[in-house]
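Participant: Structure provided below as structure tokens; questions to follow.
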Amino acid sequence: MRLLWWTLAVMSLSLFSILLSENRTLDPLQNLSLTIAAPMENGLRDVADPIPDFFRGIFNRGDLVRENERLREELERLQTETAATEDAQRRLQELEEALGVKENRPDDVFVVADVIAQDPSGFKRALAIDRGSKDGLDEGMVVLSKSGSLVGVVSLVFEEFAWLRLISDPNNAVNIAVLVGGEEGSEARGVAVGDLRSRLSLEMLPTAAQIQEGDLVITSGLGGNYPRTLLLGSVTSVEEKPQALSKRATMEPAADLSSLDTVLIIINFRPARLEGP
């Protein structure tokens, strides 16, 4: 019985609500509820709006990181290719220059070597190269720059590499001839000695020699340790002392000894190693 009354009450309330709705009697209540709910809805929307942007930003940031990584890899690859191309071009130029030296000295046999290290002590002028005994090198062999001027000798040889002693080393001495006035027929002979600086000292020159700044300095061939007519450099200054037994001068090497990267070793010339009388 109670269930029947409950069912009749619900049906009556439903019919009454429909009747009020058709007569627009509930419109003020609906407007009031919308007025109250609207700010809350807008606030919830404002709070929720950044959430998709946040997750979208996370995904976009991941894409940006991957893109940056890809660009870095591409840049590294291009830099590597450029370096390899430049190295190949440099090597070709060096070989072309060596070929020019070979044409000027057709009787000599050369080995081309790259400089791989230098002596760090500061008390010697020495360089290491990437050629050794397996390439036919031996101690005392003459070393030229890639342009053909004298830069030193092979001082110590290992199987895979060797050390060079530059002409600027204090322990190095070269018998030289100064072409007075730039003419080969007029020579002033002496000795070029290193002193740890870029310039070399020319010692034991004849006092009567009219040596001037700019005169070329070449190997004289005396002593048997160097072939004749290898260019060393040019005179930069002359020291005049009236009562001196010999004249002294300074010389600038033709090659930049501080930036050698490629050298040529004459392997068919063997130093005489002459003993004193």
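Participant: Only residues that are touching a helix residue (DSSP H, G or I) at 6+ places or on another chain (Cβ under 6 Å) and part of a strand (DSSP E or B): list them for segment 185-218, please.
Facilitator: 188
Participant: Tell me, please, whether a residue that is open to solvent by 60 Å² or more (accessible area, probe 1.4 Å) and modelled with pLDDT of 70 or more can be found in segment 52-60.
Facilitator: Within segment 52-60, none of the residues are open to solvent by 60 Å² or more (accessible area, probe 1.4 Å) and modelled with pLDDT of 70 or more.
Participant: Another question, then. Hey, could you check segment 237-260 for residues that are assigned to a loop (DSSP other than H, G, I, E, B) and at pLDDT below 90 and say which is farthest from residue 180 (Cα to Cα)?
Facilitator: Step by step, filter segment 237-260, then rank; the result is 243.
Participant: Examine segment 219-236 for a residue that is part of a strand (DSSP E or B) and closer than 11 Å to residue 174 by Cα, and state whether such a residue exists.
Facilitator: Checked segment 219-236: at least one residue is part of a strand (DSSP E or B) and closer than 11 Å to residue 174 by Cα.
Participant: Among the residues in segment 120-133, are any at pLDDT below 65, open to solvent by less than 70 Å² (accessible area, probe 1.4 Å) and either part of a helix (DSSP H, G or I) or among the basic types (Lys, Arg) (or both)?
Facilitator: no
Participant: Here's something else I'd like to know. Among the numbered criteria (1) of a type outside the set (Val, Ile, Thr); (2) without any contact (Cβ under 8 Å) to a residue 12 or more places away in the chain; (3) under 29 Å from residue 117 (Cα atoms), which one does residue 243 miss?
Facilitator: (3)
Participant: Of the conditions (1) closer than 20 Å to residue 224 by Cβ; (2) open to solvent by 50 Å² or more (accessible area, probe 1.4 Å), residue 144 satisfies every one except a single condition; which number is it?
Facilitator: (2)
Participant: Within segment 136-148, can one find any residue that is at pLDDT below 95, part of a strand (DSSP E or B) and of a type in the set (Ser, Thr, Tyr)?
Facilitator: yes
The values are calculated or read from the model by the stated rules, or taken from the named source; none is laboratory data. Here the structure is a predicted model, which means the values were calculated and not measured. All Cβ positions, even for glycine, are placed from backbone atoms using ideal geometry, and neighbour counts span all protein chains on display. What goes into the accessible areas is simple: the full protein's heavy atoms, side chains included, and nothing from ligands, DNA or RNA. Shrake-Rupley method; radii C 1.70, N 1.55, O 1.52, S 1.80 Å.
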